[in-house]
1. For the stretch B:76-96, enumerate the residues that are more than 9 Å from chain A (Cβ to nearest Cβ) and hydroxyl-bearing (Ser, Thr, Tyr).
2. Taking the condition of being modelled with pLDDT of 85 or more, surrounded by fewer than 20 Cβ atoms within 10 Å (Cβ to Cβ) and in contact with a Pro (Cβ under 9 Å, 6 or more places away or on another chain), how many residues in the stretch A:97-126 meet it?
3. Please work out which residue is farthest from the other protein chains (Cβ to nearest Cβ), limiting yourself to the stretch A:28-75 and to residues that are open to solvent by 10 Å² or more (accessible area, probe 1.4 Å), among the aliphatic types (A, V, I, L, M) and over 17 Å from B:Glu78 (Cα atoms).
4. Quick check: anything in the stretch A:73-90 part of a loop (DSSP other than H, G, I, E, B) and at pLDDT 95 or above?
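The values are calculated or read from the model by the stated rules, or taken from the named source; none is laboratory data. Just so we're clear, the structure is a prediction, and the values are computed from it rather than from any experiment. Positions of Cβ are generated from backbone atoms using ideal geometry, with glycine treated the same way; all protein chains shown enter the neighbour counts. SASA here: full protein model, heavy atoms, side chains in, ligands and nucleic acids out. Shrake-Rupley method; radii C 1.70, N 1.55, O 1.52, S 1.80 Å.
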2 protein chains.
Amino acid sequence: MNDLPRLPDAEHPVQVLTEAECRELLAGAQLGRLALSHRNEPDIFPVNFWTHGDTFLVHGPQDVRAAVGRSSQHVVLEGDGREAGTVWSVMAKGTIRELDRPEDLETVRQRRLRAWILAPDSAFLELSPAKITGRRIAVGPEERY
Amino acid sequence: MNDLPRLPDAEHPVQVLTEAECRELLAGAQLGRLALSHRNEPDIFPVNFWTHGDTFLVHGPQDVRAAVGRSSQHVVLEGDGREAGTVWSVMAKGTIRELDRPEDLETVRQRRLRAWILAPDSAFLELSPAKITGRRIAVGPEERY
């Protein structure tokens, strides 16, 4: 078996990633986007996140707290990046809750999570993924148009 | 008036951007994320986009076409980036439609838009924003944890 990742190319432009590959890519990302839905209208918040066992700890600006409160139960955390003529994008779909109980805050303290965004009243949350999917897509040789 | 952008810092960590600033930042971005909602569940698709007058032309993988077809009317296009100890994130909220009429494809041809993702059956769409918002947020000095 070849341990090198197969990269997509013009002939096979889309590579579906395994969950392990998705988790590895998310573990190396810092900036992500949390998509929520309220009354069937989507919204996106830029967030910072860390892997935490099977879940993801999420830190976001203050308005993410209120948005999560009124959001539908299902949310999506997305991370992406560019590498060697490809883009990768990984989606972790699941449920999210605010970390506000004493034992939660202890988790944040023990993991030494630093508030990445300096804004006051930011929120720590935990996303429990039900499904993690991702893909790498080959991009064309011209990057500027 | 000072033409230099005011950057957020620890004392004023969140800077709300004007629509003009938002449009300028989006004009310099290539990779964005399109958030859709179906039955009050959000989904995110990585897309490439270009400004086109007041609207945004969006190019995405094949499954974005089907997702747009079943999505609620309101969608969000998000772009973000990192600059000098800050992250910026801009959201264009509005409605989207597939560019599939002959005059639409002429627009794509005239703008010489190249399919950025090499996947076959990708889709060109046009997002008409009703509201464009964005902010810059100061991030902490430690980037790795």
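1. Scanning the stretch B:76-96 gives B:Thr86, B:Thr95.
2. Summing the residues that are modelled with pLDDT of 85 or more, surrounded by fewer than 20 Cβ atoms within 10 Å (Cβ to Cβ) and in contact with a Pro (Cβ under 9 Å, 6 or more places away or on another chain) in the stretch A:97-126 gives 0.
3. A:Ala66
4. no
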